[in-house]
Amino acid sequence: MEGTTAVATDSRSREELEDVVIRFAGDSGDGIQITGSQFTLTTALAGNDLATFPDFPAEIRAPAGTTFGVSAFQIHFGSRDIRTAGDAPDVLVALNPAALKVNINDLRKGGIIVADEGAFTDRNLKKAGYDEDPLKNGSLSGYRLITVDISKQVLEAVKEFGLSQKEGLRAKNMWALGLIYWLYGRDRQPSTDWINARFGKRPEIAGANIAAINAGHSYGETVELSGEGTVYTVAAAPIPQGLYRTVTFPGACWPAPKPLT
């Protein structure tokens, strides 16, 4: 992360960054690609330049919780011209031990880890190849570690919608997204609109996903994660107005360098 200027936002100050690299990672059934695409949409509407790198697991799904089944989505965004999807992420969102195992070596030293400690069960740790819990043994002391029982939090947030536990847990990616929205001062409304449009015929599913986003965002505010470290903002990039096209290559999505005419 580059550029450090304190900027007053609401009742707390946010550190203004020139660019950020975030990687979302979890099991192939955790909705990681949707999470990444929603953060991308919100970031584009905020006026940042960006580049993304979706990392899909094999089409033949590996057993849940194993390193072979990890899905990831990386986005590099900033207030300047962004040409690549980034190298070492500044932030890693890990929804299970396997996601942490596969991606931790790429995270820059001093970077942020957001981990769903509710998924770090003995069974999942064993599947990922851990002999002990990395969230508790001090091995991650070189990073800013934010551990939340996202699984528990999301079930509490969506219980009013009458979903099964399995259906409720499917919204934990949206809870994590809401927390990252808060951490970087992103607007939740574009994702709310997208959810309502996608699940218009399933209002209980739409309501649960929106509640999960709002709960993740509120968690950051009420628990005051800023007390554990800095929160951030990234200003809009000086991008010429015009109609832009998203160009998708195998494994990566890059913004068009010039507006279409």
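The values are calculated or read from the model by the stated rules, or taken from the named source; none is laboratory data. As the structure is a computational prediction, the values presented were derived from the model and not from experiment. Quick reminder, even Gly has a Cβ in these numbers, built from the backbone with ideal geometry, and neighbours come from all protein chains shown.
All but one of (1) surrounded by fewer than 20 Cβ atoms within 10 Å (Cβ to Cβ); (2) of a type in the set (Gly, Ala, Ser); (3) at pLDDT below 95 hold for residue 69; which doesn't?
(1)
Hey, among the residues in the stretch 84-113 that are in a loop (DSSP other than H, G, I, E, B) and in contact with a Pro (Cβ under 9 Å, 6 or more places away or on another chain), which one's surrounded by the most Cβ atoms within 10 Å (Cβ to Cβ)?
Checking each candidate, the answer is 107.
Can you list residue pairs whose Cβ atoms sit under 8 Å apart, with the first residue in the stretch 148-169 being touching a residue at least 40 places away in the same chain (Cβ under 8 Å) and the second being outside any helix (DSSP H, G or I)? Count only pairs 6 or more apart in sequence or on different chains.
Filtered contacts from the stretch 148-169: 148/114; 148/115; 148/116; 150/95; 150/116; 154/171; 157/171; 158/171.
Looking at the stretch 37-83, which of the residues that are among the β-branched types (Val, Ile, Thr) and part of a loop (DSSP other than H, G, I, E, B) is farthest from residue 166 (Cα to Cα)?
So, considering only residues that are among the β-branched types (Val, Ile, Thr) and part of a loop (DSSP other than H, G, I, E, B), the one farthest from residue 166 (Cα to Cα) is 82.
Considering only the stretch 21-39, how many residues are among the β-branched types (Val, Ile, Thr) and surrounded by fewer than 21 Cβ atoms within 10 Å (Cβ to Cβ)?
1
Is it the case, given these coordinates, that residue 143 is aromatic (Phe, Trp, Tyr) and touching a residue at least 40 places away in the same chain (Cβ under 8 Å)?
It is false that residue 143 is aromatic (Phe, Trp, Tyr) and touching a residue at least 40 places away in the same chain (Cβ under 8 Å).
With respect to residue 188, determine if the residue is surrounded by 15 or more Cβ atoms within 10 Å (Cβ to Cβ) and either touching an Asp or Glu at 6+ places or on another chain (Cβ under 9 Å) or more than 19 Å from residue 208 (Cβ to Cβ) (or both).
no
Does the stretch 154-180 hold any residues that are of a type in the set (A, V, I, L, M) and either farther than 14 Å from residue 218 by Cβ or loosely packed, with under 14 Cβ neighbours inside 10 Å (or both), and which are they?
155, 163, 169, 171
For the stretch 199-221, which residues satisfy the criterion of being under 16 Å from residue 36 (Cα atoms) and not hydrophobic (A, V, I, L, M, F, W, C)?
Within the stretch 199-221, 209, 216 meet the criteria.
Can you tell me which residues in the stretch 121-147 are in contact with a helix residue (DSSP H, G or I) (Cβ under 8 Å, 6 or more places away or on another chain), among the basic types (Lys, Arg) and either farther than 23 Å from residue 183 by Cβ or modelled with pLDDT of 95 or more (or both)?
Of everything in the stretch 121-147, just one residue is in contact with a helix residue (DSSP H, G or I) (Cβ under 8 Å, 6 or more places away or on another chain), among the basic types (Lys, Arg) and either farther than 23 Å from residue 183 by Cβ or modelled with pLDDT of 95 or more (or both), namely 127.
Provide a single number: the residues in the stretch 206-255 that are surrounded by fewer than 17 Cβ atoms within 10 Å (Cβ to Cβ), at pLDDT 90 or above and assigned to a helix (DSSP H, G or I).
1
Being touching a helix residue (DSSP H, G or I) at 6+ places or on another chain (Cβ under 6 Å) and not hydroxyl-bearing (Ser, Thr, Tyr): is that true of residue 100 here?
Taking the combined requirement at face value, the residue does not satisfy it.
Out of everything in the stretch 85-133 that is in contact with a Ser or Thr (Cβ under 7 Å, 6 or more places away or on another chain) and acidic (Asp, Glu), what residue ends up being nearest to residue 172 (Cα to Cα)?
Ranking the qualifying residues of the stretch 85-133, first place goes to 116.
Is it the case that the stretch 119-140 has a residue that's of a type in the set (Ser, Thr, Tyr) and either buried (at least 16 other Cβ atoms within 10 Å of the Cβ) or touching a residue at least 24 places away in the same chain (Cβ under 8 Å) (or both)?
Looking through the stretch 119-140, at least one residue is of a type in the set (Ser, Thr, Tyr) and either buried (at least 16 other Cβ atoms within 10 Å of the Cβ) or touching a residue at least 24 places away in the same chain (Cβ under 8 Å) (or both).
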